[in-house]
Amino acid sequence: MLLVIGNRNYSSWSLRPWLAMKAHGIAFDEKRIHLYAAGSKEEILRYSHAGKVPVLQDGGTTVWESLAILEYLAERYPRLWPRDAAERATARSLAAEMHAGFAELRQHMSMNVRKRYPGKGRTPEVLADIARVTAIWAQAKGPFLFGEFGAVDAMYAPVVLRFRTYGVEGPNRSYMDAMLALPAMREWIDAAEREPESIPSLDMYG
């Protein structure tokens with residue numbers, strides 16, 4: 001399989017399937033495309049007509065959108081979702097909520113692994129998003145949301161990095177610590193910090 005991703009420092013959507021595959025030992029090749037550079041859009045279109053990353057290619061099958069990629073992988077690796085049917089339904093609901101929601105958090109606290117913006121981006125709407133995320137994390141049944149790391153945790157991984165960047169502290173520090181200690185997450189962070197490219201429009205607060 002080939003996973004096409006964007007810049008690790010900024011591409012929250014790319015992180016999700018990459019982290020799930022790494023954490024679960026799913027073998028894949030990687031193609032990283034520098035976003036917003038000359039020719040990058042055309043290069044992405046070589047892999048997906050949607051023109052966005054991430055993209056998973058598996059033989060003649062192409063899957064795009066993070067959640068769709070995770071669902072595709074889960075057909076082959078069922079452990080990505082909880083074994084219990086009720087927990088699996090809840091996990092899928094939480095993943096879909098993250099996929100479709102939290103627009104204010106995304107807008108005002110974009111993912112930026114290398115930067116630190118403590119106290120920035122805290123509009124009333126963002127604070128409401130933060131409260132909802134922390135309420136979700138408070139339900140964690142172990143170090144991760146359903147005990148073992150799974151697809152739903154991969155969906156929330158970029159928020160962990162956002163909270164790290166913007167200095168968001170809360171009652172769910174143990175969940176953040178577990179996510180940040182995950183070897184695959186450390187690998188992503190280390191690679192993001194070594195990336196040579198910067199995208200000024202995404203360095204929101206200087």
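Quick one: net charge of residue 29's neighbours, Cβ under 13 Å, K/R +1, D/E -1?
+1
Tally Lys/Arg at +1 and Asp/Glu at -1 over every other residue whose Cβ is under 12 Å from the Cβ of residue 120; what's the total?
Local net charge: +3.
For the stretch 1-85, which trypsin sites (Lys or Arg not before Pro) are in a loop by DSSP, counting at most 12 other Cβ atoms within 10 Å?
Here the trypsin sites (Lys or Arg not before Pro) that fit, given the DSSP loop and packing criteria, are 46, 83.
Express as a percent, rounded to the nearest 5, the fraction of DSSP beta bridges in the chain (both residues included) that run antiparallel.
Bridges in the chain that DSSP calls antiparallel: roughly 70 percent.
Around residue 174, under 14 Å between beta carbons, what's the net of Lys plus Arg minus Asp minus Glu among the other residues?
-1
What is the diffusion coefficient of the chain in µm²/s, taking the Kirkwood radius over Cα pairs and the Stokes-Einstein relation at 10 °C with a viscosity of 1.306 mPa s?
Rounded to a whole number, D works out at 91 µm²/s.
Could you grab the relative contact order for the chain? Cα pairs under 8 Å, six or more apart, rounded to a whole percent.
Dividing the mean separation by the residue count of the chain yields 26 percent.
Values quoted throughout were computed directly from the atomic coordinates according to the rules given, and no laboratory measurement underlies them. Worth saying up front: this structure is predicted, and the values here are computed from it rather than measured. When we count neighbours, we look across all protein chains shown, and the Cβ atoms used for this are built from the backbone with ideal geometry, even at glycine.
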